[in-house]
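S.K.: Just passing along the structure, written as structure tokens.
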Amino acid sequence: MIPPGTRVTGHVTTASAFVFDATPYAKQRQGVLAIHFDSIDDQGKNLPLNVYVRALADPLTAWAARTPKPSDEDQLGTVTQIGGDLVTPSQKGVMSQDGDIVGYQKRGGIYAHLISASGNSPDSCDASDTEESMGLFSASACGLYGFADCALIGTGKTGEHSTLTLISRRRSPKLWAHSTAGQRVREPRSGLFPTIGFNATGVAVADTGTSTAAGALTPSSISDRSAYGGNLVQLVTDFGRTSALSVRSAYFRLWARRRCSTLQGKLKETVS
């Protein structure tokens, strides 16, 4: 859990403006905007990021996901999340458009298991087995929401890691202030299968006084000899998964402390 106010640092890797080509039958050259997410910085801690963008919404779409329908249409104040799920303040469950419970309101937010989807993303969006904070997004949100005339061609999941890429053949792509993104930590997996190697070496007695080795074995140096050996290599690493989960836990603890302080302040104000 990354608390509100955390600074995410990145840099633009590609910025190519769209220029209309008036030549008859010309194929318009697309404008490109690519942004690499570098790190998060909160209270002096700077941690590198290895993430991909699951979903991205422009400011108008994000605003609509915060705004309930007019009371004459829905007296319960239901809000439609980015992606279509329905949140009703008086109900604990979050409903999909099909009427299924796909998430829950608790701890001051909305939590759900991510649902696999494709949307208009160039990379499919994976499901998850653990609850995750959803913010304004539905459990199945995937791809680009809003951003008229733009297409999402890079999320950072494949290709260049942690890099978001937008293109357009009608205007220069822009990432507007107050846009909202749903990102996931990439968790690459180590090799599933071991690597086995075999070495063999032989020398005649005429080579007396020398020494050879095969693998990790060194034979006698006073007679004809041969040696063989094998190597078994298994890559065992989580490529930062453990550290990413540790960071997530640390930020969740920080969020919990901040929320506790806020509730204590409200309680004191109520009592006084």
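The values are calculated or read from the model by the stated rules, or taken from the named source; none is laboratory data. Small disclaimer: the values here were computed from a predicted structure and weren't measured. Cβ atoms come from the backbone with ideal geometry, glycine included; neighbour counts cover every protein chain shown.
S.K.: Which members of segment 33-46 meet the condition of being farther than 20 Å from Ala177 by Cβ and buried (at least 18 other Cβ atoms within 10 Å of the Cβ)?
M.R.: Across segment 33-46, there are no qualifying residues.
S.K.: Can you list the strands (runs of 3 or more DSSP E) found entirely within segment 55-164 that contain at least 2 residues being in contact with a Phe, Trp or Tyr (Cβ under 8 Å, 6 or more places away or on another chain) and at pLDDT 85 or above? Can you show your working first?
M.R.: Working: elements: 93-95, 101-106, 109-112, 143-145, 151-154.
Those strands (runs of 3 or more DSSP E) span 93-95, 101-106, 109-112.
S.K.: Which condition does Gly143 not pass, out of (1) closer than 24 Å to Thr158 by Cβ; (2) in contact with a helix residue (DSSP H, G or I) (Cβ under 7 Å, 6 or more places away or on another chain); (3) of a type outside the set (Ser, Thr, Tyr), if it passes all the others?
M.R.: Here Gly143 meets the rest and fails (2).
S.K.: Now a separate question. Report, ordered by the first and then the second residue, all pairs with beta carbons closer than 9 Å, sequence separation of six or more or different chains, a first member in segment 100-113 that is in the same structural domain as Gly182 (by TED's automatic domain parsing) and at negative phi, and a second member that is among the charged types (D, E, K, R) and in a strand (DSSP E or B).
M.R.: Tyr111/Glu132; Ala112/Glu132; His113/Glu132
S.K.: Quick one: which of Ala34, Ala22 is of a type in the set (A, V, I, L, M, F, W, C) and part of a loop (DSSP other than H, G, I, E, B)? Working first, answer last.
M.R.: Values: Ala34 fails: part of a loop (DSSP other than H, G, I, E, B).
Sole residue among the options that is of a type in the set (A, V, I, L, M, F, W, C) and part of a loop (DSSP other than H, G, I, E, B): Ala22.
S.K.: Also, I was wondering about something else. So how many residues does segment 76-93 have that are buried (at least 19 other Cβ atoms within 10 Å of the Cβ) and either outside the structural domain of Ser138 (by TED's automatic domain parsing) or within 23 Å of the chain's Cα centre (by Cα) (or both)?
M.R.: 4
S.K.: Sticking with this one: Filter segment 54-79 for residues that are touching a Lys or Arg at 6+ places or on another chain (Cβ under 8 Å) and on the phi < 0 side of the Ramachandran plot and give the result.
M.R.: Filtering segment 54-79 down to residues touching a Lys or Arg at 6+ places or on another chain (Cβ under 8 Å) leaves 54, 77-79.
Across segment 54-79, the qualifying residues are Arg54, Thr78, Val79.
S.K.: Further question on the same structure: Taking segment 165-190 only, how many residues are touching a strand residue (DSSP E or B) at 6+ places or on another chain (Cβ under 9 Å) and either of a type outside the set (D, E, K, R) or at pLDDT 80 or above (or both)? Lay out the reasoning, then the answer.
M.R.: Going through segment 165-190, the residues touching a strand residue (DSSP E or B) at 6+ places or on another chain (Cβ under 9 Å) turn out to be 165-175, 179-186.
From what is left, the residues that are either of a type outside the set (D, E, K, R) or at pLDDT 80 or above (or both) are 165-175, 179-183, 185.
Total meeting the criteria: 17.
S.K.: Oh, and also: Among what's in segment 47-63 and is touching a residue at least 12 places away in the same chain (Cβ under 8 Å) and more than 24 Å from Ser168 (Cα to Cα), pick the residue that is surrounded by the most Cβ atoms within 10 Å (Cβ to Cβ).
M.R.: Only one residue tops the list, namely Leu49.
S.K.: So which pairs qualify, if the first residue must be in segment 128-150 and farther than 14 Å from Ala65 by Cβ, the second must be of a type in the set (D, E, K, R) and crowded, with 23+ Cβ neighbours inside 10 Å, the Cβ gap must be under 6 Å, and the two must be at least 6 apart or on different chains?
M.R.: Close Cβ pairs (under 6 Å, with a partner that is of a type in the set (D, E, K, R) and crowded, with 23+ Cβ neighbours inside 10 Å) do not exist here.
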